[in-house]
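Right, one structure below, let's go through it.
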Protein chains: 2
Amino acid sequence: MSTLSGGDVFLKLETLQPTFSFKIRGALNAVAAIVEGHARQPARLVTASAGNHGQALSHAARIAGLPLTVYVPETAPRAKQETIRRLGAELIGCADYDEAESRAKQHAASGAATFISPYSHPDVIAGAGTVGLEILQQDPGVDAIVVPVGGGGLLSGIAVAVKGSGHRAEIVGVEVEASCPFRQGLDAGRIVHIEVGRTLADGLSGNLDPDTITFEIVRTLVDRMTLVTEHHLRDAIAGVFHNERLIAEAAGAAGVAAITGNTLPTKGRRIAVVLSGANIDSDVLASLI
Amino acid sequence: MSTLSGGDVFLKLETLQPTFSFKIRGALNAVAAIVEGHARQPARLVTASAGNHGQALSHAARIAGLPLTVYVPETAPRAKQETIRRLGAELIGCADYDEAESRAKQHAASGAATFISPYSHPDVIAGAGTVGLEILQQDPGVDAIVVPVGGGGLLSGIAVAVKGSGHRAEIVGVEVEASCPFRQGLDAGRIVHIEVGRTLADGLSGNLDPDTITFEIVRTLVDRMTLVTEHHLRDAIAGVFHNERLIAEAAGAAGVAAITGNTLPTKGRRIAVVLSGANIDSDVLASLI
């Protein structure tokens with residue numbers, strides 16, 4: 001990527017985390033806060049997830065001994081759904097992410113459980129922000145940090161952490177063309193309902209929660225947003241395999257796709273790209289490499 | 001693997017190194033020693049390699065600005081051969097590893113270049129031994145270290161480093177059934193010529209250099225040797241992909257195969273398994289996952 005882009009490009013590997021995505025950071029932070037706040041009365045948890053947050057929260061809830069229900073799109077990768085089941089959470093299939101989020105919030109509204117949004121939750125965002133703090137520690141001279149964007153939790157956390165520390169690094173969000181609620185919302189000046197197209201990046205697919213706290217954080221703290229195509233995503237997954245011997249899912253490779261798809265200024269800059277997740281079904285990976 | 005084996009199993013990831021195997025350690029160490037020793041008269045280098053040592057030495061030679069010729073089996077993975085060429089070394093194809101080693105040594109005997117054996121070389125072995133030192137630092141309570149064995153450079157380096165430090169960890173070498181010169185040599189009490197069968201583990205295939213210094217090191221310092229089958233290797237590559245989201249070549253996964261193939265005592269033990277390389281052709285990986 002450095003050769004291709006004329007910059008110095010580094011990958012921040014969240015693909016080697018427990019449950020193989022950055023989501024474990026926010027999930028553990030949110031569950032720890034709940035355990036501290038409910039010392040006498042154990043909480044029940046509910047969430048919606050395209051898959052990675054569900055896996056991470058299942059892992060965290062299992063450690064804490066808390067029951068968890070996860071609403072997921074039935075189209076989520078088998079690997080993600082199987083892990084959630086194996087970790088002991090209740091899995092409820094939905095038509096798509098939007099339905100999953102809506103049903104999970106209804107479930108919580110009845111008072112039966114605490115909703116842990118995969119992105120619109122202060123503890124989840126703060127956990128994700130540790131990615132930004134680690135990048136600053138590992139490469140204080142970084143000029144830009146490139147981050148895949150679904151609901152914007154990772155981007156918000158990194159933006160808050162980096163800008164809050166006073167560092168000058170540019171914060172860049174990457175959406176997929178087929179599902180870009182931030183692009184469309186920022187253009188409109190408010191969260192708007194979008195038509196979600198088909199994308200290999202299952203983890204980035206869906207509308208924003210109309211109440212999400214990430215929209216305002218992104219609007220005020222993020223320096224640049226860009227879009228990548230499905231073609232860019234496929235090339236990025238293959239490139240990460242062939243050139244780095246790493247596994248990335250499409251959502252996880254969106255930042256790489258922005259670099260190799262030439263959608264960002266890179267020449268002479270030090271750029272940290274978050275490789276955010278590795279949960280790709282083996283047949284999909286096999287077809288791309 | 002911990003669940004399967006009843007032990008605490010940790011992977012030492014050499015698959016994320018530059019050129020994607022542990023070989024970079026020995027190659028850099030050997031080249032650094034040559035550069036220090038030839039301040040006025042630049043050396044020419046020659047080696048034989050199943051592929052990974054050739055890539056690593058090409059990388060090291062390029063950094064040092066030294067010309068390098070690499071003799072490789074024509075059956076070596078395309079990915080390995082292409083990288084050697086791309087890094088600027090001269091590549092000479094041979095029928096198999098034994099022919100490559102023999103021709104590289106002849107090349108050096110003419111005085112035209114210095115032969116850097118992939119395993120029978122003190123600086124290469126010392127470099128590989130840093131894997132053992134790091135394992136002891138990272139997990140001082142380790143009970144056993146499991147190491148893939150081709151020419152025995154990695155195993156020798158780790159054994160010297162660990163036993164030399166006075167640590168009690170058991171050192172275990174893993175050969176493949178199709179090519180096990182140490183198993184047959186240790187049984188015979190001396191290096192013997194073996195028939196090399198077909199194996200997915202291209203990196204472990206071939207006879208020992210009759211003069212290799214690794215045989216005596218292994219005989220005196222290694223606690224246990226075991227064998228894995230081709231079936232074990234295939235399962236190990238798939239298991240590493242599905243359960244760890246990591247890429248391993250067959251030689252690199254031999255230690256994992258020894259654990260999951262149940263060829264070693266594991267119950268209640270802390271075991272470090274060296275995942276030694278990731279240079280597998282994409283079509284081979286795709287067929288296994």
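Quick look at the numbers
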| item | result |
| --- | --- |
| Rounded FRET efficiency, nearest 0.05, which uses the C-beta distance separating B:D281 from B:N243 and R0 of 22 Å | 0.50 |
| Within the protein assembly as shown, helix-based [θ] at 222 nm, where runs of 4 or more DSSP H residues each add -39,500 (n - 2.57), nearest 500 | -13500 deg cm²/dmol |
| Residue mean of other protein chain beta carbons inside 10 Å, A:236-246 | 3 |
| Overall form of region A:23-115 per C-alpha gyration tensor (a/c, 1.5; a/b vs b/c) | oblate |
| Distance between modelled label sites at B:A95 and A:T75, nm, 7 Å Cα→Cβ extension | 5.6 |
| Copies compared at B:D283 - label distances in nm, ascending, label defined 7 Å from Cα in the Cβ direction | 2.2 |
| Centre separation in Å (Cα based) which lies between region A:189-204 and region A:1-77 | 21 |
| Residue-count net charge about B:G185 - beta-carbon cut-off 11 Å; Lys, Arg +1, Asp, Glu -1 | 0 |
| Most fluctuating residue given options A:I247, A:I217, A:I171, as computed from a GNM of chain A linking Cα atoms under 10 Å | A:I217 |
| Inter-site label distance for B:A188 and B:Q106 at 7 Å from Cα along Cβ, in nm | 2.3 |
| A/B buried area, accessible surface, summed, 1.4 Å probe, Å² | 1500 |
| Local electrostatic count, B:R168, Cβ distance below 11 Å [Lys/Arg +1, Asp/Glu -1] | -2 |
| Solvent-accessible area per residue, Å², over region B:32-135 with all protein chains present [probe radius 1.4 Å] | 44 |
| Loop sites in region A:180-263: trypsin sites (Lys or Arg not before Pro), DSSP, at most 15 other Cβ within 10 Å | A:R190, A:R198 |
| Shortest-first nm distances, A:G164 label point to equivalent points in other copies (7 Å, Cα→Cβ) | 4.7 |
| At 7 Å out from Cα toward Cβ: B:A32 inter-copy label distances (nm, ascending) | 3.7 |
| Mean Kyte hydropathy of -0.5 or more with a Cα span along the axis of at least 15 Å, helices from DSSP in chain B | B:23-37, B:52-64, B:122-138, B:153-164 |
| Across A:K163/B:K12; A:K80/A:K105; A:K80/B:K12; A:K12/B:K80, pairs whose alpha-carbon gap is larger than 27 Å | A:K163/B:K12 |
| Inter-chain Cβ neighbour average for residues A:6-19, partner chain, 10 Å | 1 |
| Fluctuation leader among B:S102, B:S120, B:S179 - chain B, Gaussian network, Cα springs under 10 angstrom | B:S102 |
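The values are calculated or read from the model by the stated rules, or taken from the named source; none is laboratory data. From a predicted model like this one, the values you see are computed outputs, not experimental measurements. In this analysis, Cβ positions are derived from the backbone assuming ideal geometry, glycine residues included, and neighbour counts consider all displayed protein chains. We work out accessible area using only protein heavy atoms, side chains counted, and drop any ligands, DNA or RNA first. Shrake-Rupley method; radii C 1.70, N 1.55, O 1.52, S 1.80 Å.
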